[in-house]
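Single-structure report; data block below.
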Amino acid sequence: MIRAALLCALAFSQPAMAQQVTKGQGAYLRWLDKVDGQVTDMDLVNGGIYEIGRLKVHLKECRYPSGNPSGDAFAYVTIAEEGAKAPAFEGWMVASSPALSALEHPRYDVWVMRCKTS
């Protein structure tokens, strides 16, 4: 609920500006196991699934600002934990603001780094 309030506040605090975006071919995400400190980079194509630890990370798509491929990436991700009925996370992750929409899990962190552009 707090995230929704923050997103609304940000959306209405500035004039609406349409930004042209381009759909990437996939995304690079980073995974952290907080218990043993292991960090792994994931290379996913749109529609791809990466299994690591007890998590399955599914990338629906990644978008980035047109004309600025190295700009901010937005990835729609679903993260499911083995044995859980509901996803641990489902929604858009933003590379420049990983805490805005983050996986809330006691052991794992996952965040988007950038889109694959070629």
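Just add up the charged neighbours of ARG63: K/R +1, D/E -1, any other residue whose Cβ is under 12 Å from the Cβ of ARG63. Let's see the in-between values first.
Values: positive: LYS23, LYS60, ARG114, LYS116; negative: GLU61, ASP72.
It works out to a net charge of +2.
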GluC sites (Glu not before Pro) restricted to region 23-118 and DSSP loop, no more than 11 other C-beta within 10 Å: GLU82, GLU104
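Given 0.36 nm per residue, what is the gain on full extension from GLU82 to ALA102 after removing their alpha carbon distance, in nm?
Details: separation 20, 0.36 × 20 = 7.20 nm, distance 1.87 nm.
Contour length minus the Cα-Cα distance gives 5.3 nm.
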What are the semi-axes of the equivalent ellipsoid for region 19-116, taken as the square roots of 5 times the Cα gyration tensor eigenvalues, largest first, in whole Å? 23, 13, 12
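We did not get these values from a lab; they are worked out from the coordinates using the rules stated. All values derive from a computational prediction rather than experimental measurement. For neighbour counting, all protein chains shown are included, and Cβ atoms are generated from backbone atoms with ideal geometry for every residue, glycine included.
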